[in-house]
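Since the structure comes first, as structure tokens, the remarks are kept for the end.
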Amino acid sequence: MSSIHLLKFSQLWQFIPLLLTGFGFFLSLWIIVPAPTFSLLVFGVGVPELSPWVTGLNAIALMLILVRFQLNYFNALTLVITLIALALSLLPLIQFSAANTRFQSEIENVLGKDYLQQIPPTLRAKMRPQPLVLADVFRGVTLQEVRIERDLQFANPDGQELKLNVYRPLSSGKYPGLIVIYGGAWRQGNPSDYEYFSRYIAAQGYSVIAIDYRHAPQYQFPSQLEDVQTALNFISDRADELEIDLQRVAIIGRSAGAQLASIVAYQNQSQIKFQAIINYYGPVNLVYGYRNPPSPDPIDTRQVLEDFLGGTPETKLKLYQQASPIKYLKPNLLPSLLIYAQRDHLVEAKYGKLLYERLQITNNCAALLTIPWAEHAFDVVFSGVSNQLALYYTERFLAWSLYRNQLANN
């Protein structure tokens, strides 16, 4: 019986390298192939962020093939496929150094080479030590304990409960604030989305408040913008209770949330006077976006915009323009950090460049960071390669924007 078992194991062992090669090749392709449908978008987003894991898988497959390698057509083909998969999985890491060099240069050109000196040393000590800690891709980014208060209702329009989450350091006090607006094509989401980010920033000494808004298609623009303004008024009226310093508040939005955050920040009509905006892959010009959808278009961009705005640009042109952040650009706006994904097939990176160029033309402080290998919503993988890079510069930009005036006055 033992010899039979050994024979079966030997036969099974022959298939393991082949299975690993096939799986590794399938995953590695998503680093260069855009997702054609929404159901496949998880691969287009996740694989580049977890590429070190995929690289390890491909390396194991390669070693197993070489251990028992015998020259024939089938084995040679398997070896070539494995080498291609390994090369593809290494692309994000190969591109990382050059991307980081560009990001560092961009930030220093915009904020000044000494911008870190405008951040308190105690806060700098809490920041990421490097743009990429490879071990964190495998073990996760460490999160410190913070106080969390979830589901605090701030409004009830049309019977729709709108809530917010508050994330604060363990010690009571009054902290600089960050308002967070989630994305989800204006159709879905809640304040607990991307909670790792909110917890991480709160642990550095911020009051982070993630807010809610009504969703399309049941509620169309400007309902979402009205809800954001209502939330900001609520926060302003309860600043002491929420432990937020209204003189030092920034706002961040992702995707659809970045569109709302940008309008609020650039209009500058809320009770809270923001000191900076951080825009993660947000829509910029909705008229142009409707008329020039991405290819492939995994979420059906035109349908998303019709649900959000109640029609096409031909029937709702004024509303499309009002919902476009680019409409609100003018001189003397707050500093902007724009982070876009070069391989984004929901909100293409060219829109980030367009916004950046218009901000520059109007003599505003703006930095654009475009991640070459990343897809939309890359930061959903909090410990991923792209989010580590984005987080490194986001936390520094945030601290600079909220502390520079304080240190200058001192």
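The values are calculated or read from the model by the stated rules, or taken from the named source; none is laboratory data. All values derive from a computational prediction rather than experimental measurement. Backbone-built Cβ (ideal geometry, glycine too); neighbour counts: all protein chains shown. Only protein heavy atoms, including side chains, enter the accessible area calculation; ligands, DNA and RNA are left aside. Shrake-Rupley method; radii C 1.70, N 1.55, O 1.52, S 1.80 Å.
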Condition set without any contact (Cβ under 8 Å) to a residue 60 or more places away in the chain and more than 30 Å from residue 357 (Cα to Cα), scope segment 87-121, selection most open to solvent (accessible area, probe 1.4 Å): answer is 121
If the Cβ limit is 9 Å and pairs must be 6+ apart or interchain, which residue in segment 225-245 that is of a type in the set (Phe, Trp, Tyr) pairs with which residue that is not in a helix (DSSP H, G or I)? 234/152; 234/154; 234/155; 234/164; 234/211
Can you pull out every residue in segment 336-363 that is aromatic (Phe, Trp, Tyr) and in contact (Cβ under 8 Å) with a residue 40 or more places away in the chain? 340, 351
Can you pull out the residues in segment 210-269 that are in contact with a Leu (Cβ under 7 Å, 6 or more places away or on another chain), assigned to a helix (DSSP H, G or I) and more than 27 Å from residue 349 (Cβ to Cβ)? 227, 231, 235, 236, 239
Subset of segment 254-268 (residues that are of a type outside the set (A, V, I, L, M, F, W, C) and farther than 13 Å from residue 227 by Cβ): 254, 255, 259, 262, 266, 267, 268
Residues satisfying the stated conditions in segment 271-288, i.e. open to solvent by 10 Å² or more (accessible area, probe 1.4 Å) and either in contact (Cβ under 8 Å) with a residue 40 or more places away in the chain or not in a loop (DSSP other than H, G, I, E, B) (or both): 274, 275, 283, 285, 287, 288
